[in-house]
Amino acid sequence: MLSHLLARAGVESIVLEARTHEEIRTTHRAGILEDQAVRLLTETGVDSRVRSLGDEHTGIDLRFAGESHPLDFHELVGATVTLYPQNEVFVDLAATRARDGGDVRFGWTVTALADLETERPRLTCTDAEGVEHEIVADVIVGADGSRSLCRRAVDGAQDYRTSYPFAWFGILAEAEKSAAELIYTNSPHGFALISQRSETVQRMYFQCDPEEDVADWSEDRIWSELQRRVAGADGFELATGPILEKTVLPFRSFVREPLRHGRLLLAGDAGHTVPPTGAKGLNLALADVALLGEALAAWYVDGDVRPVDAYSDKALRRIWRAQHFSSWMTAMLHTPPDADPFSIRRALGELETLTSSPGGMQHLAECYTGWPNT
Ligand code: DHB
């Protein structure tokens, strides 16, 4: 996305991507885009199918104590979200860069960074055939994910992190939709999320032990675990079918401050990671590069360095809001393995308070759909 935005401003870039196009295209990740992420894709000339294939969602269902509490984002804050999988966003962006003659190198691995405090930072990398290269640039953007090599090349910065005593077990299943909206459920057996991908393929998650082995989970065991977490007096039942994929997703919160060291700028998971509850990861990464695209263009085109200098502070304001939202949603909906009856009942009390207060619902809707003016 950043490479595309820079190209529009007449700034050249090289994208080094360690994985292959096929690997990224077939790795299932999150699926919820805020309106501003959709606008970034549709209003900057990305050849995106988000409007035709994406599914606009006007709300979610918060389900606890076996009861559904629908939240209508459109009614509460006049915004919606769009379900369009991250791997499809990637396919669109890669096609757009290919269309425009962008220099995107798949299978290239960065091995070291140097001279970050100078005006000519450089990196060494190996290409898909294992041949070593050196690239000298004006700026290096580390958008290399939560285990970022770029981030680790910098000493002395402040890292904030916390871990969680659970993870998500994610499945992709061939089944009909179980509901029109996404269901986030808090149950005595732990959290579950019922999401979707299409009329015939569904995405669901349930809270599990971080060390859980997917091989121990048969289809029957997965379906009965999900069903017992969404069960309620209303007799709600999941539509089931063959399970196409199962994975355990790690859970962590992390922020690096600042997001800049000399001529190295960090974006996306390289600079900050959120737990998946609330689907902020991809949206934050897109918000980072929207800022960076403008900032680097101002520098190159107008010689104005102020937006680049302001990038870290500006991006971090949104990042900390999203950190708060993601850990709050996580705490309210999950049941830690050692939870005592008080903390379980307290989380239900919080959900009761939230769903019975227009202000509370509005706050959640505002966070879930994004912060347009941040
Ligand atoms: C999805 C993932 C999330 O983390 C979330 O909060 C909502 C939806 C998804 O993959 O569909």
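The values are calculated or read from the model by the stated rules, or taken from the named source; none is laboratory data. Since the structure is predicted, the reported quantities are computational estimates derived from the model, not experimental observations. All Cβ positions, glycine included, derive from the backbone under ideal geometry; neighbour counts span all protein chains shown. These accessible areas exclude ligands, DNA and RNA; they are computed on the full protein's heavy atoms, side chains included. Shrake-Rupley method; radii C 1.70, N 1.55, O 1.52, S 1.80 Å.
Below is a table of values for the structure above.
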{"item": "Calculated from backbone phi, Karplus (6.51, -1.76, 1.60) coupling profile of region 216-224 in Hz, x at Gly/Pro", "result": "7, 10, 6, 4, 4, 5, 5, 5, 6"}
{"item": "Set of lysines with alpha-carbon distance to LYS280 below 20 Å, sequence-local pairs under 8 removed", "result": "LYS314"}
{"item": "Solvent-accessible surface ranking, highest first, for ARG29, ARG318 at 1.4 angstrom", "result": "ARG29, ARG318"}
{"item": "3J(HN,Hα) from dihedral phi, region 325-332, Karplus parametrisation 6.51/-1.76/1.60, rounded to Hz, x for glycine, proline", "result": "4, 5, 6, 5, 4, 4, 5, 6"}
{"item": "Whole-Å distance, taken between Cα centres, linking region 99-158 and region 318-374", "result": "37"}
{"item": "Size-normalised alpha-carbon gyration radius of region 224-304, reference 2.2 N^0.38 Å", "result": "1.75"}
{"item": "Region 95-149: Cα Rg divided by the 2.2 N^0.38 Å rule of thumb", "result": "1.24"}
{"item": "Residue among ALA310, ILE171, GLY278 farthest towards the positive dipole end of the chain, charges placed on Cβ", "result": "ALA310"}
{"item": "Convex hull of Cα atoms in region 1-96, direction-averaged projection (nm²)", "result": "8.2"}
{"item": "Helix axis angle, 341-355 relative to the chain longest principal axis, alpha carbon, degrees", "result": "80"}
{"item": "Sorted largest first, extent of region 246-289 alpha carbons per principal axis (Å)", "result": "41, 17, 16"}
{"item": "Fraction of accessible area attributable to carbon and sulfur, the chain (%, probe 1.4 Å)", "result": "50"}
{"item": "Relative contact order [Cα under 8 Å, 6+ residues apart], region 1-86, whole percent", "result": "31"}
{"item": "Cut-off under 5 Å, modelled amide H: who pairs with ARG197 long-range", "result": "GLN202, ARG203"}
{"item": "Tilt relative to the chain, helix 86-99 - C-alpha long axis, 0 to 90 degrees, to 10", "result": "30"}
{"item": "Spatial separation of Cα centroids for region 190-247 and region 18-70, in angstrom", "result": "20"}
{"item": "Normalised contact order of the chain, rounded percent, pairs of Cα under 8 Å and 6 or more residues apart", "result": "20"}
{"item": "Charge sum, other residues only, whose C-beta stays under 13 Å from TYR368's C-beta, Lys/Arg counted +1 and Asp/Glu -1", "result": "-4"}
{"item": "Accessible area per residue in Å² at 1.4 Å probe, computed on the chain", "result": "46"}
{"item": "DSSP beta bridges in region 1-142 [antiparallel fraction, %, rounded to 5]", "result": "85"}
{"item": "Value of relative contact order over region 229-374, rounded to a whole percent, pairs C-alpha under 8 Å and six or more apart", "result": "18"}
{"item": "Computed [θ] at 222 nm, helices only, for the chain once each DSSP H run of length n ≥ 4 contributes -39500 (n - 2.57)", "result": "-11000 deg cm²/dmol"}
{"item": "Largest-first principal axis extents of the Cα set of the chain (Å)", "result": "64, 43, 41"}
{"item": "Cα-based equivalent ellipsoid of region 61-169: semi-axis lengths in Å, sorted from largest, via gyration tensor", "result": "39, 22, 15"}
{"item": "Estimated dipole of the chain in Debye, rounded to 20 [Cβ of Lys and Arg +1, of Asp and Glu -1, Cα centre]", "result": "540"}
{"item": "Rg/Rh for region 308-373, where both radii come from Cα atoms and Rh is the Kirkwood radius", "result": "1.10"}
{"item": "Largest-first principal axis extents of the Cα set of region 127-215 (Å)", "result": "52, 32, 28"}
